[in-house]
Every structure is written in structure tokens, then in C-alpha cells.
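Before any comments, here is the structure.
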Amino acid sequence: MFEEILVRHPFFHQLNPDQLREIALHCEQLNYETGEYIFKEGKKADRFFLVLHGQVALEIHDPGRGPLIIQTLCDEDLMGWSWLFSPNRWHFDARAVKPTRLLAIEGSWLHEQIEADPKLGYLFMSRVAQIMFDRLQATRLQLMDIYSKEPAQPMRGRKL
């Protein structure tokens, strides 16, 4: 079942059947209800996720304003690369916006595989880099949208 999901997803194209079969052995399906957290900022990052169905908000917490949604992910989006980089902690919260079904891949096992096989490692990291680039661009556009709507601040220290 998991192998079929991996075969259909563009992220896993160019992997051979043995690699897909092995990855599928290290997957599990997880279900989350609306409002339930998938992971929290600062906690141990140990999984890589594929959104099978539903919607997930990536959030940061602002003490003055509460949670701020950075990006919303939906069907077939990939989530979670913090397990790749030390100190292996999540940098955002991920919360289900509606009932969500995920495919979770064991991060420590996957990390061992991409280190042991340079070709797999290059393929995997180039695709993760593309996702990171796309998310950075989306965040940039969101910031431009936020700051273009704020009223100009009055100048301080000058009398008119």
C-alpha cells in the first residue's frame, strides 16, 4: 500500500523499485483531527511527512499575537526536513486545519540511507532543496503582502 503511494508521488520518481520497497517498510499512516498538532517547535524532529489528504498549517508563535500561519499545505505536499539537520528540532508548529491523513517516513533510517548512497542522497537533497526554495519564495511573497498593507508609521521626534 505505501509503496503504491510512493510510486505515484513526483518526489520519489527516479527511485528504483528496491529503494521504494525499502522506504515503504519504514512508513506509517497517521491521522489527525482538526486543530490537533502534528509537531511542535523545539521538539525532536524524527519524521518526514507526505500529506495524503487534508490540510496542515505551518505556524510560528508570536507571544503578542498568538500563532501566525506561515504556509498551508494540502494533498501531496511534503513536510518536515528538520530531521536532516542538527540539532534535529522542529522550527515551526504543524497543525491540522481539517481532518488530515499523513504518510510518515522514519527520519533517522532515511538519513542513514542517503548518507550511505551518494546517488540517492543527491537526488533526495536536490528535491528537498527545491521544496525549501519554494517555501522561501512563498514566505517572501507573504511578507510582502503583510508589510504592504500596514499603514505608514508617523515619524517621531519631528514637529510639523
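The values are calculated or read from the model by the stated rules, or taken from the named source; none is laboratory data. Keep in mind it's a predicted model, so treat the numbers as computed, not measured. Using ideal geometry, Cβ is built from the backbone for each residue, glycine included, and neighbour counts are taken over all protein chains shown.
Which of the residues that make up segment 85-110 are closer than 28 Å to Met144 by Cβ and touching a residue at least 40 places away in the same chain (Cβ under 8 Å)? Reasoning before the result, please.
Narrowing segment 85-110 to residues closer than 28 Å to Met144 by Cβ: 85, 90-98.
Trp90, His91, Phe92, Asp93, Ala94, Arg95, Ala96, Val97, Lys98 - these are the residues of segment 85-110 that are closer than 28 Å to Met144 by Cβ and touching a residue at least 40 places away in the same chain (Cβ under 8 Å).
Here are the criteria: (1) in contact with a His (Cβ under 9 Å, 6 or more places away or on another chain); (2) surrounded by fewer than 16 Cβ atoms within 10 Å (Cβ to Cβ); (3) not hydroxyl-bearing (Ser, Thr, Tyr). Tell me which single one Met125 does not satisfy.
Result: Met125 passes all but (1).
Being touching a helix residue (DSSP H, G or I) at 6+ places or on another chain (Cβ under 7 Å), part of a strand (DSSP E or B), surrounded by 12 or more Cβ atoms within 10 Å (Cβ to Cβ) and not acidic (Asp, Glu) is the requirement here; does Phe48 meet it? Show your work before the answer.
Details: touching a helix residue (DSSP H, G or I) at 6+ places or on another chain (Cβ under 7 Å): yes; part of a strand (DSSP E or B): yes; surrounded by 12 or more Cβ atoms within 10 Å (Cβ to Cβ): yes; not acidic (Asp, Glu): yes.
Answer is yes for this residue.
Provide a single number: the residues in segment 58-71 that are assigned to a strand (DSSP E or B) and either of a type in the set (D, E, K, R) or within 24 Å of Phe2 (Cα to Cα) (or both). Quick ask: steps written out before the conclusion?
Of segment 58-71, the ones assigned to a strand (DSSP E or B) are 58-62, 66-71.
Within this subset, residues satisfying the condition of being either of a type in the set (D, E, K, R) or within 24 Å of Phe2 (Cα to Cα) (or both) are 59, 62.
The total comes to 2.
This table checks each residue for (1) closer than 17 Å to Gln113 by Cα; (2) more than 13 Å from the chain's Cα centre (by Cα); (3) at pLDDT 95 or above.
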position	(1), (2), (3)
Pro10	no, yes, no
Gln14	yes, yes, no
Arg21	yes, yes, yes
His26	yes, yes, yes
Glu36	no, yes, yes
Phe39	no, no, yes
Glu59	no, no, no
Gly64	no, yes, no
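In segment 1-37, how many are of a type in the set (Ser, Thr, Tyr) and part of a helix (DSSP H, G or I)? Give the derivation first.
Keep residues of segment 1-37 that are of a type in the set (Ser, Thr, Tyr), which gives 32, 34, 37.
Filter again for part of a helix (DSSP H, G or I), leaving none.
Of the residues in segment 1-37, 0 are of a type in the set (Ser, Thr, Tyr) and part of a helix (DSSP H, G or I).
Condition check: crowded, with 18+ Cβ neighbours inside 10 Å, more than 24 Å from Leu141 (Cα to Cα) and either hydrophobic (A, V, I, L, M, F, W, C) or at pLDDT 95 or above (or both). Does Ile5 satisfy that?
Working: crowded, with 18+ Cβ neighbours inside 10 Å: no; more than 24 Å from Leu141 (Cα to Cα): yes; either hydrophobic (A, V, I, L, M, F, W, C) or at pLDDT 95 or above (or both): yes.
Here the answer is no, as Ile5 does not meet what is asked.
With the condition kept exactly as written, say whether any residue in segment 74-83 is in a strand (DSSP E or B) and of a type outside the set (A, V, I, L, M, F, W, C).
Just the residues of segment 74-83 that are in a strand (DSSP E or B), to begin with: 74, 78-79.
Restricting the remaining residues to those that are of a type outside the set (A, V, I, L, M, F, W, C) gives none.
No.
Would you confirm whether any residue within segment 99-117 is loosely packed, with under 14 Cβ neighbours inside 10 Å, under 20 Å from Ile23 (Cα atoms), over 13 Å from the mean Cα position of the chain (by Cα) and of a type in the set (Ser, Thr, Tyr)?
The answer is yes; a qualifying residue exists.
Just wondering, is there one or more residues in segment 60-73 that are on the phi > 0 side of the Ramachandran plot and in contact (Cβ under 8 Å) with a residue 12 or more places away in the chain?
Let us first name the residues in segment 60-73 that are on the phi > 0 side of the Ramachandran plot, namely 66.
If we keep only those that are in contact (Cβ under 8 Å) with a residue 12 or more places away in the chain as well, we get none.
Looking for residues that are on the phi > 0 side of the Ramachandran plot and in contact (Cβ under 8 Å) with a residue 12 or more places away in the chain, one finds none in segment 60-73, hence no.
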